[in-house]
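Structure, as structure tokens:
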Amino acid sequence: MRVLSGIQPSGRLHIGNYFGMMRPMIVSMMENELYAFVVDLHALTSVHDGSRLAADSLGAAIDFMALGLDPERCVFWIQSDVPEVTELAWILSTITPLGLLERCHSYKDKIARGIAASHGLFSYPVLMAADILLYQAERVPIGNDQKQHLEVARDIANKFNHAFGHTFVLPEPAIDTGLAVVPGLDGQKMSKSYGNTIPIFADEKELKKQVMAIVTDSTPVADPKDPDKCNLYNIFKLFAPADRLADVRNLYVNGGAMYGKIKLELLEFLWDYFRPARARREQLRANPTQVRDILRRGALKAREKATPTLNRVREQVGLKY
Ligand code: ADP
Ligand code: TRP
């Protein structure tokens, strides 16, 4: 199965990103043909600081590799290193009905959050469709918020196939409904827009501050509590070994769970969990030239896959004379 997904190089990665998106991609690398990329062209719709975007794009690629994405076992690149995608986006934009884009919630939400209403922001889903269709992706792992964008990609593919003959595979979304949303410090969905995150690569001091800030209720220690309704427990269970988790669950159910103690334990588990990734990240950050080489090689592989599709599209629409 050809699996493809992109990540935005914006903000620091948190454990919600890891469990919701990065880990499933890393796991799927073993048995699929995986295409993964950092979407710097998409980030341009909200970041207008060149040196920051460049640093964040490289940083996001490093973090992803440090967490286990192996560029030898998948195709991994930076979106803008494959210029074919912008050509396809333009061609697709000429058959995309305006109404399709006008209906997109994400555009409206972003404007409501204060992002400037540019043409790029409006046509964001067309570039995303080009990302997916250019590589003939069959499955696209995404969060719920991207579901509508995937439907737009499918609509555009269908329209093109009807107008010019069968060209694009219709991509299927892969939304892992089994995976609960990782709660943030305050119990809402963990999200950088809510400022309630536990960053994966925070230093020990910051990590402690965040873990201690996890909101818990004020019922007495001896009272029984429902672990599944407790924010702290729902984060703890992502990191604790099975036997310790069972003990803590018992403390909740029978009384005796001390939040402060559980937080300190969580801190230790968290720190250990990402220890190997931290070490790999340091190594990669010390060798940016090597990372750039890996990414450029990835882009070459991606272009090899993209070129036959784009050639076909050019021929079909009449850009070959
Ligand atoms: P944020 O909400 O912090 O801005 P993004 O929207 O950039 O995160 O999400 C990037 C990826 O991480 C998406 O695939 C999204 O589904 C996933 N993700 C983000 N937050 C969570 C969470 N709290 N639980 C599970 N997955 C998440
Ligand atoms: N829009 C996606 C997001 O914000 C990122 C993205 C861009 C993407 N192109 C993609 C995701 C192609 C999957 C496939 O998270």
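When the residues Ile175, Ile198 are ordered by accessible surface, computed with a 1.4 Å probe over the protein chains alone, the sequence from largest down reads Ile175, Ile198. Taking every DSSP beta bridge that has both ends in the chain, the antiparallel portion is near 10%. Rounded to the nearest 10 degrees, the inclination of helix 288-317 to the longest alpha-carbon principal axis of the chain is 40 degrees. Per residue, the average separation of C-alpha pairs within less than 8 Å and at least 6 apart gives the chain a relative contact order of 22 percent.
Output the 0 to 90 degree angle, nearest 10, between the alpha-carbon long axis of helix 147-164 and the longest principal axis computed from the alpha carbons of the chain. Here the helix axis deviates by roughly 20 degrees. Split the accessible area of the chain by element, probe 1.4 Å, and carbon with sulfur accounts for 53%. For Glu31 and Arg52, the difference between the fully extended length at 0.36 nm per residue and the C-alpha to C-alpha distance is 4.1 nm. Using only Cα atoms and rounding to the nearest 10 degrees, what angle (0 to 90) does helix 84-93 make with the longest principal axis of the chain? Here the helix axis deviates by roughly 80 degrees. Tell me the trypsin sites (Lys or Arg not before Pro) within the range 219-321 that lie in a loop according to DSSP and have at most 15 other beta-carbon atoms within 10 Å. Sites meeting the loop and neighbour criteria: Lys320. Per residue, the solvent-accessible area of the range 57-128 (1.4 Å probe, heavy atoms of protein chains only, all protein chains present) comes to 43 Å². Only DSSP H runs of four or more residues enter the estimate; each adds -39500 (n - 2.57), and after division by the residues of the chain the mean residue ellipticity at 222 nm equals -16500 deg cm²/dmol. How large is the direction-averaged shadow of the alpha-carbon convex hull of the range 67-153, in nm²? Taking the Cα atoms of the range 67-153, their convex hull projects to 7.0 nm² on average.
Counting 0.36 nm for each residue step from Ser193 to Glu72 and taking away their Cα separation leaves a gain of 40.2 nm. Exposure check, 1.4 Å probe, all protein chains in place: Glu304 carries approximately 140 Å² of accessible surface.
Here the translational diffusion coefficient of the range 202-273 follows from Stokes-Einstein with Rh set to the Kirkwood radius across Cα pairs; for 20 °C and 1.002 mPa s it amounts to 174 µm²/s. The residues of the range 209-321 expose, per residue, 60 Å² of accessible area to a 1.4 Å probe.
Compute the length gained on full extension between Asp223 and Asp243: take 0.36 nm times their separation in residues and subtract their Cα-Cα distance, giving the result in nm to one decimal.
Working: separation 20, 0.36 × 20 = 7.20 nm, distance 2.22 nm.
Contour length minus Cα-Cα distance gives 5.0 nm.
Provide the FRET efficiency to the nearest 0.05 for the Tyr321-Ala116 pair, computing r from the beta carbons and using R0 = 30 Å.
In this case the efficiency is close to 0.20.
If you build the Cα gyration tensor of the chain and take the root of 5 times each eigenvalue, what three semi-axes come out, in whole angstrom, biggest first?
Equivalent-ellipsoid dimensions as semi-axes: 40, 21, 18 Å.
The values are calculated or read from the model by the stated rules, or taken from the named source; none is laboratory data. All of these numbers come straight from a predicted model, not from anything done at the bench. Here Cβ is always computed from backbone atoms with ideal geometry, including for glycine, and neighbour counts include all displayed protein chains. Ligands, DNA and RNA are excluded from the accessible area calculation, which covers all protein heavy atoms including side chains. Shrake-Rupley method; radii C 1.70, N 1.55, O 1.52, S 1.80 Å.
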